[in-house]
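Everything on this sheet refers to the single structure shown next.
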Amino acid sequence: MLTPVWWEDSQLKLLDQTLLPHEERVLSLTRVEEVAEAIRRLAVRGAPAIGVAAAYGLVLGVRSASSTEALRRRFDEAYKLLLSTRPTAVNLRWALERQRRVLDRALSHLEAQDLPPKVVEALLEEAHKIREEDIQANRRLGAYGAELLPEGARVLTHCNAGALATAGYGTALGVIRAAWERGKLDKVWVDETRPLLQGARLTAWELAKEGIPYEILVDGAAGALMARGLVDAVITGADRVAANGDVANKIGTYALAVLSRRHGIPFYVALPTSTIDSQIPNGDEIPIEERDPEEVLSVAGQRVAPAGASARNYAFDVTPHELVTALITEVGVLRPPFPPSIEKALAHPEAVHRHGPESS
Ligand code: MRU
């Protein structure tokens, strides 16, 4: 199974996504600073994959601590560093918090002399769980999502919400994979996703590997295809979903939701419940990452805009919940009104959101 993040030989392995599809290079990381840098430069990307990488990053950050005091200090430093890498995907904070609860529990249960090695062991075990549970959640939500699609579905997706963006299988691409496995899918329309081309580079690469038929579109083409009756559903992933169902995802997602409404096409968002931020009431409070304008002024590293040109580079946008047909999660398909359906999903015993040690 395709996975972009795993643990091997006491190192964190990442498939460097900046080099795909031309080169499949695996990075071997041994220091938390390297993990932070890999997240920042999008060597690992996609909300759930960032969370998994950060959970392992904490292990690397604390593993050489030889006293309880050093352990606490290193944990806090690593936590802060990792949290500062990217602001929008809430899975990052969620995974770090889950690891903090592991640390707190160890500090209150274990004898001081056992602490550092036992804590490192417990954090590593939890990182493995976070990774494994994400794959299971994606398989479950994929099955729920596939049920929603008509036979012979032509599905449009944006960015990469695939195996590469998660621990494996994918969210939006998880639904697409499941529909393909059930013989329900005709083809996938892949938005190229400027400026960094996650669609043209990564989604296309994943689909090609599985033999799933697809065609790449420029981001502005979706409306024209919908007007011609060529799109049956739009499915995207999410970086953070607020308590009212507002969705932050890759820039351009909002425009797709508006177009879907105009053309009477269902607009689905696929996500594990670890992407839900119940602490914020609506999308206005979701921090939106702004990246280097140079990414917009260039294409694949080649400058295209004139010298002195300026650019705005919001990496994400917010789609208001009114435009979302349903949220597809590992505990079922959530329909409007979203506040109660989200609350119910988060309380579900199998929701990944609830996993990990209880807070003390
Ligand atoms: O900037 P990226 O490539 O990390 O953005 C990724 C997305 O917007 C994905 O759609 C989202 O993280 C969901 S991934 C399952």
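The values are calculated or read from the model by the stated rules, or taken from the named source; none is laboratory data. Only a predicted model underlies this, so the values are computations on that prediction, with no experimental measurement involved. Here the Cβ is made from the backbone with ideal geometry for all residues, glycine too, and neighbour counts use every protein chain on show. Just so you know, the surface numbers come from the protein's heavy atoms only, side chains and all, with ligands and any DNA or RNA stripped out. Shrake-Rupley method; radii C 1.70, N 1.55, O 1.52, S 1.80 Å.
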(message) So if I check each of VAL231, VAL269, which one is within 13 Å of the ligand (Cβ to nearest atom), open to solvent by less than 40 Å² (accessible area, probe 1.4 Å) and assigned by TED's automatic domain parsing to the domain that holds CYS159?
(response) VAL269
(request) State the number of residues belonging to segment 306-360 that are part of a loop (DSSP other than H, G, I, E, B), under 23 Å from LEU149 (Cβ atoms) and in contact with a strand residue (DSSP E or B) (Cβ under 7 Å, 6 or more places away or on another chain). (result) 3
(message) Name the single residue that is farthest from the ligand (Cβ to nearest atom) among those in segment 151-196 being among the hydrophobic types (A, V, I, L, M, F, W, C) and part of a loop (DSSP other than H, G, I, E, B).
(response) ALA167
(message) If the requirement is being open to solvent by less than 50 Å² (accessible area, probe 1.4 Å) and part of a helix (DSSP H, G or I), which of these qualifies: ALA224, ALA248, ALA204?
(response) ALA204
(request) All but one of (1) in a loop (DSSP other than H, G, I, E, B); (2) surrounded by 24 or more Cβ atoms within 10 Å (Cβ to Cβ) hold for LEU82, so report the exception by its number. (result) (1)
(request) Give segment 85-135 a look and list any residue that's among the charged types (D, E, K, R), in a helix (DSSP H, G or I) and more than 15 Å from the chain's Cα centre (by Cα), or say none. (result) GLU97, ARG98, ARG100, ARG101, ASP104, ARG105, ASP114, LYS118, GLU121, GLU125, GLU126, LYS129
(request) From GLU181, GLU215, grab the single residue that is open to solvent by 10 Å² or more (accessible area, probe 1.4 Å) and closer than 16 Å to GLU151 by Cα. (result) GLU181
(request) Take the residues in segment 272-305 that are surrounded by fewer than 15 Cβ atoms within 10 Å (Cβ to Cβ), out of contact with any strand residue (DSSP E or B) (no Cβ under 9 Å at 6 or more places or on another chain) and not polar (S, T, N, Q), then tell me which one is nearest to ALA243 (Cα to Cα). (result) ASP292
(message) Step by step: first the residues of segment 99-154, then only those that are basic (Lys, Arg) and open to solvent by 50 Å² or more (accessible area, probe 1.4 Å), then the one that is farthest from SER66 (Cα to Cα). Which residue is that?
(response) ARG154
(request) Considering only segment 197-212, state which residues are out of contact with any strand residue (DSSP E or B) (no Cβ under 9 Å at 6 or more places or on another chain) and either within 13 Å of the ligand (Cβ to nearest atom) or among the hydrophobic types (A, V, I, L, M, F, W, C) (or both). (result) ARG201, LEU202, TRP205, GLU206
(message) When you check ALA238 against the structure, is it within 16 Å of the ligand (Cβ to nearest atom), touching a residue at least 40 places away in the same chain (Cβ under 8 Å) and outside any helix (DSSP H, G or I), yes or no?
(response) yes
